[in-house]
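Below you'll find the structure, written out as structure tokens, and then a few comments.
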Amino acid sequence: MESKKLDLGPVQKLIDDPSISEIMVNGPKKIFVEKNGKKMLSDSVFSGEEELLRTIEKFFSAVGKRVGKDIPYGDVCLEDGTRVNIMMAPVSRFGTAVTFRKFSKQIGSLQDLIANGTLTQKAAEFLIASIKGKINIIFSGGTGTGKTTLLQMLSNYFAPQERVVTIEDAAELRFTQENYISMETRTPDEFGKGGVSLKDLISNALRMTPDRIIVGEVRGEEAINMFQAMATGHSGTIGVVHGNSPKDVVARLETMVLMSGMNIPMLESRKIIASTINLIVHLERVQDGSRKVTYITEVRGLDNNEILLNDLFSFSFEKMENDKVIGSLKPTIKYYPLFFQRFQKLNLLANDIFVSD
């Protein structure tokens, strides 16, 4: 399936425009776009709600999903990587709302992210080494900060012989491994039957002899299943979590463990997190609209029953110049050599990565 073959009506030309990163449909007569980090109203419109709903039906039915009065929202991913979210009435009060988040075709490698200032060469080398060493990583940040894009580029450094299993609500990730399985949640039918959750898929993935499990977005009770995977020999597990900072992500994960219904005390949930997650890679959209890695943070363990976080890299804001953020992602000399020592038995990192700038 390709977006062109689907013929998405008034939004098709916006999808085909490489300068547009997002399309926001606020009812049939208001279609906004984002260019260079700025949102603006486009001149495209649907003839009415009926045409908009017909267009939505095209791409949902093409991937075997559905939306309707009983399920008025959902996510799908087009073949080109464009992710689509829909909210219908009565949830959306002023007409059907659709958001298209396009996967940038201008980003084809980790070097492209380095070139556009998302991260530095040293930070990239560190993350490559962490990927190759099968460190358990959480990618965090807000919506549209580039979490999936960075993960996609780092997937090129998975060992070619690895069996990789991805688990997502909408199959957004595209990996190149031959032994690669992509799994996607499924909404129940009109009779409430046939639903498949992230928790169901993670539990099943453990039986598929995976070398690496990737969870596209962790947001609820499925977190405990991800931690169980990390704790039972599935090193190199990667999750994506929404959050405002590494500290906020840890707090959210604690809450998710409590949502599992397993009556786990808070201290035990912290022990689980501290013993399974090794790194948090945090991204943000800064004032000029650009996306940057702002923290690479080690989850060190427990200290006085609190989860201890050490920032291995952090972004230092310097100034605004010509409406552009000027700053740098710098390593923390105090902590990151200790991280190397912690994982030295895995032959994780080359010593030259730790030569101070």
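Can you report the number of residues in region 282-326 which are in contact with an Asp or Glu (Cβ under 7 Å, 6 or more places away or on another chain), assigned to a strand (DSSP E or B), closer than 18 Å to ALA115 by Cβ and touching a residue at least 40 places away in the same chain (Cβ under 8 Å)?
The qualifying residues number 1.
What about PHE139, is it farther than 23 Å from THR55 by Cα and aromatic (Phe, Trp, Tyr)?
Judged against the criteria, PHE139 is a match.
Which numbered condition in (1) in contact with a helix residue (DSSP H, G or I) (Cβ under 7 Å, 6 or more places away or on another chain); (2) under 22 Å from GLY142 (Cβ atoms) is the only one that PHE315 fails?
The one condition PHE315 does not meet is (1).
Of the residues LYS102, LYS35, only one is on the phi < 0 side of the Ramachandran plot, surrounded by fewer than 18 Cβ atoms within 10 Å (Cβ to Cβ) and at pLDDT below 90; which?
Answer to the selection: LYS35.
Return the residue satisfying two criteria in turn: it lies in region 141-158 and is in a loop (DSSP other than H, G, I, E, B) and of a type in the set (S, T, N, Q), and of such residues it is surrounded by the most Cβ atoms within 10 Å (Cβ to Cβ).
THR145
Could you say which residue among ARG186, ARG212 is touching a Ser or Thr at 6+ places or on another chain (Cβ under 9 Å), at pLDDT 90 or above, crowded, with 16+ Cβ neighbours inside 10 Å and not aliphatic (A, V, I, L, M)?
The conditions single out ARG212.
Test ALA229 against the stated conditions and say whether it is assigned by TED's automatic domain parsing to the domain that holds ARG285, in a helix (DSSP H, G or I) and at pLDDT below 90.
Yes: the conditions hold for ALA229.
Here is a list: GLU284, GLU254, GLU217. Which entry is surrounded by fewer than 23 Cβ atoms within 10 Å (Cβ to Cβ) and under 23 Å from THR185 (Cα atoms)?
After applying the criteria, what remains is GLU217.
Hey, ILE333 hits all of (1) modelled with pLDDT under 90; (2) touching a Ser or Thr at 6+ places or on another chain (Cβ under 6 Å); (3) closer than 29 Å to SER21 by Cβ but one; which does it fall short on?
So ILE333 meets the others, but not (3).
Filter region 232-251 down to the residues that are touching a Leu at 6+ places or on another chain (Cβ under 8 Å) and part of a loop (DSSP other than H, G, I, E, B), then identify the one that is surrounded by the fewest Cβ atoms within 10 Å (Cβ to Cβ).
Applying the filter and picking the extreme gives THR232.
Test each condition in (1) touching a residue at least 60 places away in the same chain (Cβ under 8 Å); (2) in a loop (DSSP other than H, G, I, E, B); (3) out of contact with any Ser or Thr (no Cβ under 7 Å at 6 or more places or on another chain) for GLN161 and report the one that comes out false.
Here GLN161 clears every test but (1).
Considering only region 9-81, give the strands (runs of 3 or more DSSP E) lying wholly within it that have at least 1 residues that are of a type in the set (Asp, Glu) and not assigned by TED's automatic domain parsing to the domain that holds ARG174.
It comes to 20-26, 31-35, 73-77.
Has region 218-233 got any residue that is of a type in the set (Gly, Ala, Ser), under 27 Å from PHE315 (Cα atoms) and in contact (Cβ under 8 Å) with a residue 40 or more places away in the chain?
no
Would you mention how many residues in region 255-269 are in contact (Cβ under 8 Å) with a residue 40 or more places away in the chain and on the phi < 0 side of the Ramachandran plot?
Counting residues in region 255-269 that are in contact (Cβ under 8 Å) with a residue 40 or more places away in the chain and on the phi < 0 side of the Ramachandran plot gives 1.
Kindly provide the set of residues from region 338-357 that are farther than 28 Å from SER269 by Cα and either touching a helix residue (DSSP H, G or I) at 6+ places or on another chain (Cβ under 6 Å) or at pLDDT 85 or above (or both), ordered by number.
Correct list: LEU349, ILE353, PHE354.
Quickly run through region 159-183 and pick out the residues that are surrounded by fewer than 21 Cβ atoms within 10 Å (Cβ to Cβ), modelled with pLDDT of 90 or more and among the hydroxyl-bearing types (Ser, Thr, Tyr).
Of everything in region 159-183, those that are surrounded by fewer than 21 Cβ atoms within 10 Å (Cβ to Cβ), modelled with pLDDT of 90 or more and among the hydroxyl-bearing types (Ser, Thr, Tyr) turn out to be TYR180, SER182.
Taking the options ARG83, ARG93, ARG66, ARG54, name whichever one is basic (Lys, Arg) and closer than 22 Å to GLY142 by Cβ.
ARG83
Can you tell me which residue in region 102-143 is nearest to PHE32 (Cα to Cα), limited to those that are touching a Ser or Thr at 6+ places or on another chain (Cβ under 7 Å) and of a type in the set (Lys, Arg)?
Filtering region 102-143 for residues that are touching a Ser or Thr at 6+ places or on another chain (Cβ under 7 Å) and of a type in the set (Lys, Arg), the one nearest to PHE32 (Cα to Cα) comes out as LYS102.
The values are calculated or read from the model by the stated rules, or taken from the named source; none is laboratory data. Here the structure is a predicted model, which means the values were calculated and not measured. Methodologically, a virtual Cβ is constructed for each residue, glycine included, from the backbone with ideal geometry; neighbour enumeration extends over all protein chains shown.
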